[in-house]
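Structure first, commentary second.
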Amino acid sequence: MINKRSNPVCLKILNLPGDLRLFCVEVKQIMKGSIFIFFKKVCPVAIIFSLIVPFSCWAGYDYIDITTPSLRKIPMAIPLFKTMSGNKKEVKLSQSASELLAETLDFTGYFKMLESDTFLEDLQKTGIVASKINFNNWRGIGTELLITGSVLAAGDKVEMELRLYDSFKERLLVGKRYTTSDKGSPRKIIRRFCSEVIYSLTGSRGIFDSKIAFVSTGSGNKEIYICDFDGHNSRQETHNKEISFFPAWSSDGKWLAYTAYKKGKMGLYIKHLKGKQGVVVAKKGINISPAWVPGKFELAATLSFSGDQKIYLLTGRGKIIKRLTDKWGIDCSPSFSPDGKKMAFVSDRSGTPQIYIKDFDSERVDRLTFHGKYNTEPSWSPRGDKIVYSAIENGEINICVVGFDGRESIPLTRHTGYNESPSWSPDGSLIAFTSTRDGLYKIYVMTVYGTDQRRLLVLPGNQTNPKWSPNVIN
Amino acid sequence: MGKKLWVRLLLLLVVPGFLFTVSCAQKEIKTDTVMLEQQQAEAEAARLAALEKAQAEELERQRVIEEAQLRETQLREEEAMAYEKAAAREMFMNEDIHFAFDKSLLTSMAQDILKKKAEWLRDNPGNTVVIEGHCDERGTTEYNIALGERRALAAKVFLTDLGIDSSRLSTISYGEERPVDPSHNQEAWAKNRRAHFVIE
């Protein structure tokens, strides 16, 4: 259910020769039926994938080690795609698709996109296959990874061929051909290819099928919105006209839980995003901060019907299974470890809000944060090794990251006003958060190392509370 | 002798005539005086009556004035009372209690205000009240919803301890969602960390 397309099978075949590996990935995808899901649910038009030119290369080497802190960006060149017949549509598409590809890959923070005016080669004159490419010309300007592409528009069909090369080893790492009858944006093809590129380089499927839920005041009230991972296609999800916030994605990406006030009463809404199913938990007191248990149709939330704000475990239908915290005081903001065996949460049991970890096997509760008087909003990394949170200190609020290796926590933001509500991308490579650095609250994205901090989207009003969805196609 | 007699006779006739005349004249005068007296009495009576009437009218007028004044005073008093009541109600609604940062403890000032609120609640047994808990913008939205609730609950517990039926008091937390002062400074934050009372 979670992340269908990145399971251990893929990792096992990493050691096969490249051509065979590409083939296996394709076969595996067909076997898993993800293409059909893709056909049916994501793409309004048919996109056909085909294996092109089985090329001998060895890919048992990770270009990007996602587990090691490394700030080095790989220099990448994406020249303008070759137009096959040279018609107007192709020229236009070549431009927009190559730009979009560079933009989308740049979003990951892994690459340094080389400026096109330094390029010595023009695909229009050379070609897109290895035998036509003079890799010397690409190495000469520092290119380590090269993506070549071609566009063929005939009738109402568009065919795009995209290839990723290691320009030092002169090897094909990914080669794909996509056919579509989509007359609009090449965005879906580009995202699909990006997913392949990132998979081949990191062994993870990345974030290209993920979305971000957030809260915006653009309509005059706090309402929940959803946009694509890169800020595109934002749309308003709730229309309650009071206060709606704290969105939380189920791990299959199909359900969204959130808190909303209706006629002055607060309720926890658990809703299917496509269907009309859903329940409301509106117990006396507060019903806030939902967080789904990974891989289960269960969620934790803070309820205060007992007179004390405690975290409870609920079924996806809103029925209380059990109480998860028991000390007197405020307990809120649960976040589960990826295996669901532990839960980080905020408690003021020590007098100030601090982050604690509950181990469900041993029932032990350990305090995680000791520095400062206000540490809240924990978010457990999808890789399981870190927790990000927000800390108030000296009139600033900063995003901090702490591992379980006993080392001190590290602030990822500094001197930029209030930085709050960190949320991990599903591959654990990026963090979305909210910041007042430009005045109003806006959503930003940065790498796990705090680099490449940039605004995610431009909308009127304040945007807060971003929550990154799992990387699944729904 | 004859002449003397004639004189005497004449005298006899004349004198009574005179006498008669005198008496007649006298009588006439007498009648006039009576009439005058009567008239005077009547006039006096009329005057008295008029006076009496005027006095009565004056009294009536004064009574009316007095009554009006009384009514006015009464109205004014009622108005004042209503005003006072409204003011008390306004005060109840508008006087927030305030909290320290990240705290839901009631300060002594907050307790004094709550005592006044308890009095009002006792004077107005028909009213139910929603206690809203609020926070300043600092800190996180989720934690602030919880903190806002603790502030509202602290006020509720204090009032029930003063004998107010808990069924008349409900709570809701708005966290940092409804600031009274949207500025970003200490003064605004102090105003925003509050419990607010709304009469239903």
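The values are calculated or read from the model by the stated rules, or taken from the named source; none is laboratory data. Note that the structure is predicted; figures quoted are calculated from it, not measured. Cβ placement follows ideal geometry from the backbone for every residue including glycine, while neighbour counts extend to all protein chains displayed. For the accessible areas, the whole protein counts, side chains as well, though only heavy atoms, and no ligand, DNA or RNA atoms are used. Shrake-Rupley method; radii C 1.70, N 1.55, O 1.52, S 1.80 Å.
Of note:
- The chymotrypsin sites (Phe, Trp or Tyr not before Pro) of the stretch B:65-113 that DSSP puts in a loop, and whose beta carbon has at most 16 other beta carbons within 10 Å, are B:Phe101.
- Rounded, prolate or oblate (a/c below 1.5 giving rounded, otherwise prolate when a/b exceeds b/c) for the stretch A:211-468 by Cα gyration tensor: rounded
- Note: relative contact order over chain B, using C-alpha pairs below 8 Å and six or more positions apart, is 22 percent.
- Averaged over B:128-141, number of beta-carbon atoms from partner chains that fall within 10 Å: 4
- For chain B, the Rg and Dmax computed from alpha carbons only, in angstrom: 47.3, 159
- Loop-located trypsin sites (Lys or Arg not before Pro) across the stretch A:363-427 with a Cβ neighbour count of 12 or fewer within 10 Å are A:Arg364, A:Arg407, A:Arg414, with loop assigned by DSSP.
- Placing dummy labels 7 Å off each Cα toward the beta-carbon, the span from A:Trp328 to A:Ser116 is 6.8 nm.
- Inter-chain Cβ neighbour count for B:169-180, averaged per residue, equals 3 (cutoff 10 Å, partner chain atoms only).
- Residue-count net charge about A:Ala213 - beta-carbon cut-off 10 Å; Lys, Arg +1, Asp, Glu -1: +1
- Under the span-like rule (Cα at least 24 Å along the axis, Kyte-Doolittle mean at least -1.0), DSSP H helices of chain B: B:2-94, B:141-161
- Percent carbon-and-sulfur accessible area, the protein assembly as shown, ignoring ligands, DNA and RNA, probe 1.4 Å: 56 percent
- Residue with peak Gaussian network fluctuation, chain B [Cα springs, cutoff 10 Å], from B:Asp112, B:Asp136, B:Asp96: B:Asp112
- Association of chains B and A removes close to 2300 square angstrom of accessible area from solvent, both sides included, for a probe radius of 1.4 Å.
- Overall dimensions of the protein assembly as shown, expressed as equivalent-ellipsoid semi-axes from the Cα gyration tensor (√(5λ), whole Å, largest first), are 96, 31, 21.
- Computed over protein heavy atoms with a 1.4 Å probe, the accessible surface of the protein assembly as shown works out to 49 Å² per residue.
- A:Lys319 contributes about 140 Å² of solvent-accessible surface, heavy atoms of the protein only, 1.4 Å probe.
- Along principal axes, Cα extents of the stretch B:21-137, largest first, whole Å: 126, 24, 22
- Between B:Ser173, B:Ser183, B:Ser104, the Gaussian network model of chain B with springs among Cα atoms under 10 angstrom shows the greatest mean-square fluctuation at B:Ser183.
- Summed residue charge, Cβ within 10 Å of A:Ile392's Cβ, Lys/Arg positive, Asp/Glu negative: -2
- Residue among B:Met91, B:Met35, B:Met81 with the largest mean-square fluctuation in a Gaussian network model of chain B, springs linking Cα atoms under 10 Å: B:Met35
- Taking a Cβ cut-off of under 14 Å around A:Thr83, the surrounding Lys, Arg, Asp and Glu residues balance to a net charge of +1, with basic ones at +1 and acidic ones at -1.
- Over 32 Å (Cα to Cα) - which of A:Lys211/A:Lys265; A:Lys88/A:Lys442; A:Lys274/B:Lys156; A:Lys188/A:Lys271; A:Lys88/A:Lys467; A:Lys263/A:Lys373 fall in this group: A:Lys88/A:Lys442; A:Lys274/B:Lys156; A:Lys88/A:Lys467; A:Lys263/A:Lys373
- Size descriptors for the stretch B:32-94: radius of gyration and Dmax over Cα atoms are 26.0, 88 Å.
- With distances taken between every two different alpha-carbon atoms, the stretch B:121-200 has a Kirkwood hydrodynamic radius of 13.0 Å.
- Gap separating the Cα centres of the stretch B:122-200 and the stretch A:427-442, nearest whole Å: 30 Å
- Distance between modelled label sites at B:Arg89 and B:Thr73, nm, 7 Å Cα→Cβ extension: 2.7 nm
- Cα-based shape type of the stretch A:329-474, given that a ≥ b ≥ c are square roots of the gyration tensor eigenvalues and the cut on a/c is 1.5: oblate
- The protein assembly as shown - share of DSSP beta bridges that are antiparallel (%, nearest 5): 90 percent
- Contour minus Cα-Cα distance for B:Ser167 and B:Thr33 (0.36 nm per residue): 38.8 nm
- DSSP-loop GluC sites (Glu not before Pro) across the stretch A:110-217, with at most 12 other Cβ within 10 angstrom: A:Glu115
- Protein-protein interface of the stretch A:352-397, residues with accessible area decrease of at least 50 Å², isolated chain reference, 1.4 Å probe: A:Tyr374
- Residues losing 40 Å² or more accessible surface upon assembly, the stretch A:255-295, compared with the chain by itself, 1.4 Å: A:Tyr261, A:Ile286
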